[in-house]
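The values are calculated or read from the model by the stated rules, or taken from the named source; none is laboratory data. Remember, it's a predicted structure, so these values are computed and weren't measured experimentally. Virtual Cβ from ideal backbone geometry, glycine too; neighbours counted across all protein chains shown. In case anyone asks, the SASA skips ligands and DNA or RNA and just uses the protein heavy atoms, side chains included. Shrake-Rupley method; radii C 1.70, N 1.55, O 1.52, S 1.80 Å.
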Amino acid sequence: MEIWLVRHGETALNAARILQPADTPLSAHGLRQAQALAERLATEPIAGILSSDLPRAHQTAQAIASRTGHVLRTTALLHERSFGDWRGQPYDSLSTDPLAMDAAPPGGESTALFAERCSQAFEQALQLQAELGGPLVVVTHGLVIRQMLAALPLSALSGVVEQPRMGNTSLTIFDAAPPHSVRLLNCVRHLAGGLTEGASSLSGG
C-alpha cells in the first residue's frame with residue numbers, strides 16, 4: 001500500500017519565477033501536463049485522491065479525478081508554504097532566499113510551522129489511505145513534498161544522496177507503512193512532446 005505524491009502542473013508564475021499568490025491557476029501548459037499525468041494514472045490501481053484546495057493543485061487533481069472516476073477530497077493542510085507579503089514578488093528580486101529561510105516572512109509561515117502542518121497532512125494522508133485500502137494519490141506543492149520526504153527516516157531514502165528539484169506533475173511514491181520506503185522519486189516520464197517545464201521554472205513558492 002502506497003502514497004503517490006504529485007506536484008501540481010506548471011503555472012505562468014512558476015515559469016516567470018514569481019512567488020505565487022494562493023489563487024494562482026494552472027497555465028495552459030500546466031493543464032496539458034495535468035492531462036498527461038491523468039492519462040498515465042488512468043490504468044493504475046489507485047483508490048482515491050487527496051489534494052490541496054489551492055487552484056493549481058486542485059485543477060491538477062481534477063484532471064486525475066475526471067480521468068479515473070475517483071472522488072476528489074481536499075484539505076488546506078496540503079497548501080504550499082505561505083510567503084505572506086512576498087507573494088507576487090519576483091523570486092530573484094528578494095534580498096534573501098525565501099525557499100531556504102527558517103524565519104517567517106512578513107505575514108507568512110515559518111519553517112517550523114510549515115513542518116508541523118506538513119506532518120499533520122502526512123498523518124491525514126496515511127489515515128485516508130488505510131481507510132481506502134489502496135494507493136492514495138496526494139496532489140500538493142513542491143515544498144510540501146520536499147518537507148514530507150525530509151521528515152522520513154534515512155532508511156526510507158536509501159540511495160538518495162540529495163533531494164532533486166521537484167518537477168511539475170512529478171510523481172513520487174513511498175510505502176504507507178513505516179519506514180515509508182521511497183519507491184519512485186520525482187518521475188516525469190509522462191511529460192513528452194514539449195510538455196516538460198523550462199529549466200529555470202521555480203519549484204516551490
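Screening residue 93 with (1) farther than 22 Å from residue 145 by Cβ; (2) in contact with a helix residue (DSSP H, G or I) (Cβ under 7 Å, 6 or more places away or on another chain) gives one miss only, at (2). Take the residues of the stretch 29-71 that are of a type in the set (D, E, K, R) and over 15 Å from the mean Cα position of the chain (by Cα): which is least open to solvent (accessible area, probe 1.4 Å)? Result: 40. Counting only residues that are over 23 Å from residue 133 (Cβ atoms) and in a helix (DSSP H, G or I), the stretch 38-75 holds 9 of them. Is the stretch 72-80 home to any residue that is open to solvent by 10 Å² or more (accessible area, probe 1.4 Å), without any contact (Cβ under 8 Å) to a residue 12 or more places away in the chain and more than 22 Å from residue 16 (Cα to Cα)? There is no residue in the stretch 72-80 that is open to solvent by 10 Å² or more (accessible area, probe 1.4 Å), without any contact (Cβ under 8 Å) to a residue 12 or more places away in the chain and more than 22 Å from residue 16 (Cα to Cα). For residue 15, the conditions (1) under 15 Å from residue 194 (Cβ atoms); (2) crowded, with 17+ Cβ neighbours inside 10 Å; (3) at pLDDT 95 or above all hold with the exception of (3). The residue list 94, 154, 132 contains one member that is more than 19 Å from the chain's Cα centre (by Cα) and loosely packed, with under 14 Cβ neighbours inside 10 Å, which is 154.
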